[in-house]
Amino acid sequence: MAILKPFKGLRPPAEIAKELASRPYDVLNSAEARIEAEGNQYSLLRITKPELELPLDMDEHAPEVYARAASNFKKFVDNGWLVQDNEEKLYIYAQTMDGRTQYGIVGSAGVDDYLNGVIKKHELTRRDKEEDRMIHVRVTDANIEPVFFAYPAHAEIDKIVDSIVKNQKPVYDFIADEGFGHHFWTIDDKATINRIVEIFASIPATYVADGHHRTAAAALVGAEKRKNNPKHNGTEEYNFFMAVHFPDNQLKIIDYNRVVKDLNGLSHEDFLAKLALVFDIKEVGTEIFKPEKLHQFSMYLGGKWYSLEAKPGTYNDNDPIGVLDVTILSNLVLDQILDIKDLRTSKRIDFIGGIRGLNELKRRVDNGDMAVAFALYAVSMKQLIDIADTGNIMPPKTTWFEPKLRSGLVIHSLE
């Protein structure tokens with residue numbers, strides 16, 4: 001059953017919250033971070049992407065970078081830009097995008113839940129990326145950025161959240177530069193906190209939606225600290241890490257699309273002929289075409305958009321992995337026709353989150369950077385949960401959650 005624990009969050013004063021809150025470390029590169037943080041002394045990127053303050057040729061994984069993260073974190077606390085709550089609390093973090101709002105409970109998840117499989121994942125992690133975040137957790141002794149979890153929606157939690165949101169003024173409430181709303185409340189009432197914790201103790205599993213590497217890093221550092229503490233008793237803060245838990249019925253996964261550099265030596269005509277063996281193909285013209293259902297794909301090739309529908313018998317709807325459109329595309333097109341065997345390492349393919357729109361696919365092909373683009377129908381939360389529940393792993397770059405959590409509205413100290 002799921003662990004949820006209140007904690008004494010480190011939070012910014014309301015007047016600087018919008019300036020301090022930043023996008024997650026892994027959605028922008030070092031150059032973009034330099035631009036985004038320029039002229040903003042409060043930007044949390046100075047802790048999560050501290051190489052932006054160091055010479056351009058500095059390796060972002062150099063010891064000096066991690067040391068700067070630790071010193072900047074201390075500076076933020078010393079300057080009063082992050083202030084710790086006096087009492088353990090839970091928090092509500094809501095996000096608004098396109099008129100739709102999703103409400104998450106911020107609390108500490110259990111390291112034991114991750115190690116024992118109560119927290120379920122759907123992606124593989126890379127050891128080098130885990131180690132990068134593990135070092136960051138070690139040097140700051142904190143979970144600076146939250147991870148994004150889903151849980152089976154629960155009517156009583158919905159009712160509690162609704163009451164707080166309607167009757168309590170948010171401590172932070174702003175629209176970020178990307179146009180999405182971010183709203184944050186503290187849950188102060190002990191009885192309410194205890195009831196939410198009690199309900200979570202009846203929930204059989206939670207799911208990593210976004211932040212697999214941060215989740216793994218937090219849990220592995222917690223396990224390290226246990227091993228190195230001869231007086232370990234299980235109540236220490238390192239036994240827990242910060243997560244925002246959203247009910248699964250409020251979340252929406254958007255499409256994650258593919259562009260490919262070449263046609264593996266095929267002409268457009270030969271490529272279309274090979275596709276026709278496994279897809280029903282319809283040319284739909286020059287206007288952008290977005291897939292409208294499962295097993296339908298959109299393809300942009302030679303200035304034209306095509307509808308591709310996978311033929312019956314080319315996929316397995318009874319297999320939680322085989323039913324995925326990313327699997328169908330990978331097997332039938334990327335592997336068998338274009339000879340792209342490993343999506344994680346191939347330099348011939350790139351991935352574009354649906355938040356950037358299908359115009360970005362068209363642009364990448366029209367400018368000659370890529371030869372063909374494929375847009376996919378978005379994965380559903382049910383598919384994600386089915387895969388996690390069966391112990392399967394999704395193919396790379398399958399899910400894109402939006403909006404992204406803003407980091408810095410609350411931080412979890414491991415002290």
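The values are calculated or read from the model by the stated rules, or taken from the named source; none is laboratory data. Treat the numbers as computed from the prediction; the structure is a model and nothing was measured. Every residue, glycine among them, receives a Cβ derived from its backbone with ideal geometry; neighbour counts consider all protein chains shown.
Would you check if there is a residue in segment 371-378 being among the aliphatic types (A, V, I, L, M), in contact with a Gly (Cβ under 9 Å, 6 or more places away or on another chain) and at pLDDT below 95? For segment 371-378, residues among the aliphatic types (A, V, I, L, M), in contact with a Gly (Cβ under 9 Å, 6 or more places away or on another chain) and at pLDDT below 95: present. Scanning segment 12-21 turns up one or more residues that are at negative phi, assigned to a helix (DSSP H, G or I) and in contact with a Gly (Cβ under 7 Å, 6 or more places away or on another chain). Applying the criterion of being of a type in the set (Val, Ile, Thr) and surrounded by 14 or more Cβ atoms within 10 Å (Cβ to Cβ) to the residues of segment 153-175, the residue that is farthest from Trp185 (Cα to Cα) is Ile157.
Of the residues Ala191, Ala216, Ala223, Ala243, the single one that is modelled with pLDDT of 95 or more, assigned to a helix (DSSP H, G or I), buried (at least 17 other Cβ atoms within 10 Å of the Cβ) and not polar (S, T, N, Q) is Ala216.
Of the residues Phe351, Phe374, the single one that is within 21 Å of the chain's Cα centre (by Cα) and closer than 18 Å to Leu301 by Cα is Phe351.
In this entry, Lys121 passes the filter for residues that are among the basic types (Lys, Arg), in the same structural domain as Gly104 (by TED's automatic domain parsing) and under 18 Å from the mean Cα position of the chain (by Cα). When Arg138, Arg195, Arg214 are checked against the criterion of being closer than 19 Å to Leu405 by Cβ and basic (Lys, Arg), Arg214 stands alone in meeting it.
Residues are listed down the side, and each one gets a yes or a no for (1) in contact with a Cys (Cβ under 6 Å, 6 or more places away or on another chain); (2) in contact (Cβ under 8 Å) with a residue 24 or more places away in the chain; (3) closer than 26 Å to Val83 by Cβ:
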{"residue": "Leu124", "(1), (2), (3)": "no, yes, no"}
{"residue": "Asp128", "(1), (2), (3)": "no, no, no"}
{"residue": "Met134", "(1), (2), (3)": "no, yes, no"}
{"residue": "Ala153", "(1), (2), (3)": "no, yes, no"}
{"residue": "Glu156", "(1), (2), (3)": "no, yes, no"}
{"residue": "Val165", "(1), (2), (3)": "no, yes, yes"}
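Of everything in segment 254-274, what is buried (at least 20 other Cβ atoms within 10 Å of the Cβ) and either polar (S, T, N, Q) or not in a loop (DSSP other than H, G, I, E, B) (or both)? Give them in sequence order. The answer is Tyr256, Asn257, Arg258, Val259, Val260, Phe271. Which ones in segment 343-372 are assigned to a loop (DSSP other than H, G, I, E, B), surrounded by 12 or more Cβ atoms within 10 Å (Cβ to Cβ) and basic (Lys, Arg)? Listed by number, the list holds a single entry, Arg348.
For segment 295-322, the candidate set comprises residues that are modelled with pLDDT of 95 or more and assigned to a loop (DSSP other than H, G, I, E, B); within that set, the residue that is farthest from Asp339 (Cα to Cα) is Gly303.
Just give me the residues in segment 381-397 being assigned to a loop (DSSP other than H, G, I, E, B), in contact (Cβ under 8 Å) with a residue 12 or more places away in the chain and either in the same structural domain as Lys293 (by TED's automatic domain parsing) or farther than 14 Å from Leu324 by Cα (or both), in sequence order. Result: Thr390, single match.
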